[in-house]
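See below for the structure under consideration.
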Amino acid sequence: MKSSNLGYPRIGKDREWKKALEAFWAGKLDETTFLAQMEQIRKQHLVKQQKKGIDWIPVNDFTFYDHMLDMAVMFGLIPKRFAYAGGPVPLATYFAMARGNKDAVASEMTKWFNTNYHYIVPEFGERTPVLTENRPLQAYLEARDQLGIAGKPVIVGPYTFVKLSKGYAKDEFERVVDQIVPLYVDVLRELELHGVEWVQIDEPAFVLDLTGQDKVLIRRVYEQFSQALPHLKLMVQTYFEAVDWYEELIELPVHGLGLDFVHGKTANLANLTTHGFPQDKVLGAGVIDGRNIWRSALEEKWELVKTLCTVVAPERVWVQPSSSLLHVPVTVEDETDLPEEVRVALAFADEKLAEVRLLVQGFQYGKYVISKEIAQNEKDLQRLAQSPARNRQEVQEARKALASTAAKRAVPFHERREIQQATWKLPLLPTTTIGSFPQTTEVRQARQQFKKGNWTVEQYDAFIQEQIREWIAIQEQIGLDVLVHGEFERTDMVEYFGEKLDGFVFTKNGWVQSYGSRCVKPPVIYGDVQFVSPMTVKESVYAKSLTDKPVKGMLTGPSTILNWSFVRDDVSRQEVCEQIALALRKEVEALEAAGIRMIQVDEPALREGLPLKQADRAAYLDWAVKSFRVATSTVEPGTQIHTHMCYCEFHDFIDAISELDADVISIETSRSHGELVSVFGTCTYDKGIGLGVYDIHSPRVPAVAEIEEMVSRGVQVLPPGQFWINPDCGLKTRGREETIASLKNMVAATHAVRNRL
Ligand code: GLN
Ligand code: ZN
């Protein structure tokens with residue numbers, strides 16, 4: 001039996017990778033120094049894995065930005081706008097594709113499957129693919145010749161690579177795959193010539209809903225590989241879900257198959273035990289969760305591997321994480337401030353590799369060699385399980401009781417609309433914003449001062465009040481119809497609530513890569529989630545005291561808090577989400593009681609939680625949408641519930657949005673306006689809709705005429721009475737002056753359209 005890893009986090013223990021990148025971009029590091037630093041980080045990671053006793057260490061999982069971008073660049077898929085003239089791709093071109101430059105907009109970025117990692121979308125159709133370099137080979141040679149590590153090069157397989165790319169029509173998919181396969185063969189052949197034994201070829205798209213045609217294509221591609229590469233061993237690696245076409249998959253002419261026995265455990269295990277596993281293949285057994293931060297229950301994992309070994313001979317089993325460890329932080333080592341019961345139950349990348357190694361040692365030398373560790377592990381996990389934080393009877397009872405309620409508002413929307421119209425007397429096309437206003441250096445510094453203890457509560461509160469006062473006055477002056485307090489007290493829309501609710505902890509260094517150099521430090525939900533005391537009432541009430549205009553309260557919704565946190569794995573995600581919903585309900589009720597009668601509950605991550613397989617989606621949407629209603633349905637009919645989502649594909653999602661039963665939804669749409677407007681135009685969605693009428697992603701101030709055109713287009717497909725006017729979300733990232741100027745233009749444009757109606 002061997003131990004293996006699929007990918008190691010790039011960012012480094014102290015985010016040194018991120019720091020080097022950003023210093024280079026800022027011109028503070030020259031290219032030579034930058035490359036030297038990157039090399040050092042890369043090698044450190046390899047040596048670390050070697051010291052952990054990992055037999056099959058991945059190489060080429062490291063990148064300067066994103067592994068999909070690396071593949072695109074290797075295949076010469078460099079859009080024309082980047083003015084690339086052939087030959088080795090300059091670093092400047094590479095980063096321009098990722099981040100844009102003064103002449104060209106960046107390539108699109110999108111979510112990597114159901115993770116919070118974002119990759120750069122390769123663009124076909126602009127250039128004929130050519131091999132510009134052999135990155136996996138370079139990585140392999142560096143590790144072998146300089147460190148004595150004969151690694152396992154990792155590449156994204158052709159099916160997944162093309163599936164996740166753009167620039168071709170749907171019916172051209174096969175042609176594009178066929179076009180790229182010879183380049184893969186060239187890359188792999190060179191690897192073979194240099195003595196590479198195993199290549200990990202990542203095909204996570206194999207777990208999606210495949211057609212018969214897809215499977216024929218995959219078969220054809222892998223047959224080509226096997227004919228062209230008689231000596232090279234391919235480990236076809238799947239993850240994030242089970243494979244639905246197991247019987248055909250195991251027939252592929254490759255030497256190894258990697259399956260996820262965490263996120264697709266039930267189905268993958270059932271397939272394996274029912275249909276067996278080929279005698280001539282290695283099983284990559286993904287038994288340690290590569291997506292969460294919890295220690296594994298070792299005894300359980302032991303049993304799992306034992307079961308696998310009843311089907312596959314142990315010498316053909318690689319024990320490994322379920323996916324790349326890219327999705328978890330580096331090490332728990334520095335998390336000294338956490339409650340002890342939580343700390344001992346955490347496992348980040350390094351600790352997960354230790355678990356892999358431990359299991360393999362047990363199987364190699366006998367279980368007794370790891371019995372001490374298993375016993376300690378049991379004790380640690382027991383301790384967390386018995387912690388009062390995980391045993392809040394009241395919360396659990398309240399959550400269970402939800403099963404028998406539909407969590408619906410007492411009065412249907414069309415009646416609420418009448419009541420609300422009579423209360424607010426808003427003009428046609430009411431203008432508002434999505435919640436946040438510019439978080440200047442001053443604002444960020446103030447929060448820092450407070451956090452460090454340099455400022456008293458009074459000092460900090462006074463500062464926040466001053467910001468609110470200033471921006472209420474600005475909003476009145478701009479002439480907006482519905483105002484917000486501005487969210488100055490929030491670093492982040494999830495962290496802010498996590499810090500105020502019971503059941504959360506925050507790590508010191510639990511960073512994971514989100515995209516490029518950007519890292520996030522998700523809150524950790526470890527216990528039953530419970531409301532403690534009002535979280536937003538003070539600021540909203542203060543804002544409202546300053547104006548006669550309506551002020552919208554501002555909360556983050558249950559699925560967004562769930563999807564942007566690391567979540568405990570001893571209960572279902574549904575259960576956690578519903579607990580959060582019940583806690584938020586108390587906040588909604590507190591706001592209402594304090595006289596805040598418009599409340600926005602943001603759900604930008606609702607869609608992100610969608611399972612990869614179509615068949616699982618309805619169940620998720622059921623509880624995610626219901627959770628939103630649990631949080632928002634107990635208010636008076638006259639209280640107006642708003643929600644907000646960033647850009648998302650609505651055509652297959654509109655029913656879910658309707659089921660939220662929010663009185664108004666605002667959406668970031670300016671970059672795909674036509675498309676979204678038409679979706680809403682063709683469906684029966686009858687509630688309020690705020691379509692973002694200008695893009696806030698650049699400091700540019702949109703002209704009145706430009707916005708007017710957007711608004712006019714909107715009222716052609718939506719009844720004007722249904723339509724709200726707002727910018728796209730994210731004003732917190734903008735400067736003060738451009739925000740004011742843009743919003744003034746937005747209001748002027750709205751008035752112009754209003755006058756014509
Ligand atoms: N209310 C939040 C804001 O305006 C919404 C952010 C988001 O949608 N991601 O910043
Ligand atoms: Zn948004």
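Every read-out reported here was derived from the displayed coordinates using simple, explicitly stated rules and does not represent laboratory data. Keep in mind the model is a prediction, meaning the values are calculated, not measured. Cβ coordinates were reconstructed from backbone atoms using ideal geometry, including for glycine residues, and neighbour counts include every protein chain displayed.
Charge dipole (Cα centre; +1 on Lys/Arg Cβ, -1 on Asp/Glu Cβ; no other charges) of the chain amounts to roughly 700 debye.
Simple rule: put +1 on each Lys or Arg Cβ and -1 on each Asp or Glu Cβ in the chain, find the dipole, and look at Phe363, His255, Pro129; the Cα lying farthest toward the positive end is Phe363. Each residue in Leu208, Leu35, Leu731 was given a count of other beta-carbon atoms within 10 angstrom of its own, and listing them fewest first yields Leu35, Leu208, Leu731. Report Rg/Rh for the stretch 137-288, rounded to two decimals, where Rg is the Cα radius of gyration and Rh the Kirkwood radius. Ratio value, two decimals: 0.97. Translational diffusion coefficient of the chain (Stokes-Einstein, Kirkwood radius from Cα pairs, 20 °C, 1.002 mPa s): 77 µm²/s.
A dipole drawn for the chain from +1 and -1 charges on Cβ atoms has a positive end, and of Gln465, Val571, Ser658 the residue lying farthest that way is Gln465.
Rounded to the nearest 20, the size of the Cβ-charge dipole of the stretch 568-647 about its Cα centre is 180 debye, with Lys and Arg at +1 and Asp and Glu at -1. For the stretch 56-72, the Karplus equation 6.51 cos²θ - 1.76 cosθ + 1.60, evaluated at θ = phi - 60°, returns couplings of 10, 8, x, 10, 6, 7, 6, 7, 8, 7, 7, 6, 6, 4, 4, 5, 4 Hz by residue, with Gly and Pro reported as x.
Here the stretch 417-493 yields Rg over Rh of 1.11, to two decimals, using C-alpha coordinates and the Kirkwood radius. About the centre of its Cα atoms, the stretch 424-524 shows a dipole size close to 420 debye [charges on the beta carbon of Lys, Arg (+1) and Asp, Glu (-1) only; nearest 20 debye]. Distant-in-sequence amide contacts of Leu555, defined by a placed amide H-H separation under 5 Å and a gap of 5 or more residues or a different chain, comprise Gln600, Val601, Asp602. The distance linking the stretch 554-617 with the stretch 67-105 is 39 Å (Cα centroid to Cα centroid, whole angstrom). Distant-in-sequence amide contacts of Trp511, defined by a placed amide H-H separation under 5 Å and a gap of 5 or more residues or a different chain, comprise Val330. Only beta bridges with both residues in the chain are counted; by DSSP, about 15 percent of them are antiparallel.
Size check on the stretch 699-757: the Cα extents along the three principal axes, sorted descending, read 33, 18, 13 Å. With all pairs of different C-alpha atoms in the average, the Kirkwood value for the hydrodynamic radius of the stretch 219-369 is 16.4 Å. Of the cross-linked pairs Lys301/Lys408; Lys372/Lys400; Lys163/Lys265; Lys18/Lys613, those separated by over 31 Å at the C-alpha level are Lys301/Lys408; Lys372/Lys400; Lys18/Lys613. Positive-end ranking of Trp17, Leu606, Gly86 along the dipole of the chain, with charges on Cβ about the Cα centre, is headed by Trp17. Taking the three principal axes of the alpha carbon atoms in the stretch 562-718, the coordinate ranges are 53, 43, 34 Å, sorted in descending order.
Using r as the Cβ-Cβ distance of Asp337 and Asn755, and R0 as 56 Å, what FRET efficiency do you calculate, to the nearest 0.05? All intermediate terms of the calculation are to be shown ahead of the outcome.
Numbers: r = 59 Å, r/R0 = 1.05.
Efficiency for this residue pair is about 0.45.
Estimated from helices alone, the mean residue ellipticity of the chain at 222 nm is -13500 deg cm²/dmol (sum of -39500 (n - 2.57) over DSSP H runs with n ≥ 4, per residue).
Look at where the Cα atoms of the stretch 462-537 and of the stretch 699-720 average out, and the two centres are 30 Å apart. Write down the Kirkwood hydrodynamic radius of the stretch 1-105, to one decimal in angstroms, obtained as one divided by the mean of 1/r over all alpha carbon pairs. Mean inverse Cα-Cα distance, inverted, gives 15.3 Å.
With 20 Å as the limit on Cα-Cα distance, the pairs of Lys451/Lys508; Lys233/Lys367; Lys166/Lys233; Lys425/Lys687 that go past it are Lys233/Lys367; Lys166/Lys233.
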